[in-house]
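Just passing along the structure, written as structure tokens.
A short reminder: the numbers here are calculations on the coordinates, not readings from a lab. It should be emphasised that the depicted structure is a prediction, and the values quoted were computed from it without experimental measurement. Please note: Cβ atoms are built from the backbone with ideal geometry, for glycine as well, and neighbour counts cover all protein chains shown.
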């Protein structure tokens, strides 16, 4: 295994600590990449190390869990002494795909699945089991994805784009949406039944009417309203009617 790989993986966990509007996660990417650059000819006092680290700090954006693909690949091409313009083109080419693939796999897939699991465990087992279940599932995938990305980036080098077409990525993209829909669709009625378990018939009718109004608003009247804002509005109306 490449020297500095473990240190680079650990640093990737702090990737977003230096996020800013000017460079996005560029400084975090440099912080992650730095251990892989230390054995460049001349060491940490050498010109190649300094130039490579300076390039690594430039503006960059992408999904934090897949950023290892960029860190590993950029470190590899620095070791191969590719021209600076070629390194910049690789950096630019990676930003978009890393963002879109990561968003689909993690934010639209893994996160809803783990959240749905947590909600079901909260109802069926206990709140403690819900927290533990969420953290274990989410971070098991999260940590493996970070490690795979860093390892694949280093091995891929200039051809790192091919790694985004790897079987793991294709499988994740294919399953993310259906799994999220299945688990959330299962969790919502389970949680809904738990929330209304102590309501009498009149209160159940009221809750059903509010839910129906929410569906109508979300579907036809005001699609951009959102569940949170509708919920707050419903609470405000209920408080007002109760006061009157």
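Need one word for segment 196-244: rounded, prolate or oblate. Basis is the Cα gyration tensor (sqrt eigenvalues a ≥ b ≥ c); a/c below 1.5 gives rounded, then a/b vs b/c decides.
oblate
Then there's this: Between Rg and the Kirkwood Rh of segment 54-173, both from Cα atoms, what is the Rg to Rh ratio? Intermediate results must be reported in sequence, preceding the final value.
Values: Rg = 17.0 Å, Rh = 15.4 Å.
Radius of gyration over Kirkwood radius for segment 54-173 works out to 1.10.
Expressed as a rounded percentage, what relative contact order does the chain have, with Cα pairs under 8 Å and six or more residues apart?
The normalised contact order for the chain reaches 18 percent.
Among rounded, prolate and oblate, which fits segment 96-147 when a ≥ b ≥ c are the square roots of the eigenvalues of its C-alpha gyration tensor, a/c under 1.5 means rounded, and a/b larger than b/c means prolate? Each step should come with its number before you reach the end.
Values: a/c = 5.09, a/b = 2.15, b/c = 2.37.
Cα axes put segment 96-147 in the oblate bin.
Sort 8, 100 so that the residue with the fewest other Cβ atoms within 10 Å of its own Cβ comes first and the one with the most comes last.
100, 8
Mean residue ellipticity at 222 nm from the helices of the chain, using -39,500 (n - 2.57) per DSSP H segment of n ≥ 4 over the full residue count, to the nearest 500 deg cm²/dmol?
-22500 deg cm²/dmol
Fewest first, what order do 219, 146, 48 take by the number of other Cβ atoms within 10 Å?
219, 48, 146
Counting other beta carbons within 10 Å of each residue's own, what order do 67, 210, 25 fall into, fewest first?
Placing the least packed residue first, the sequence is 210, 25, 67.
Kirkwood Rh over alpha-carbon pairs of the chain, then Stokes-Einstein at 4 °C and 1.567 mPa s: what D in µm² s⁻¹, rounded to an integer?
Values: Rh = 20.9 Å.
Rounded to a whole number, D works out at 62 µm²/s.
Also: How far, in degrees from 0 to 90, does helix 67-79 lean away from the longest principal axis of the Cα atoms of the chain, to the nearest 10?
The two axes meet at around 10 degrees.
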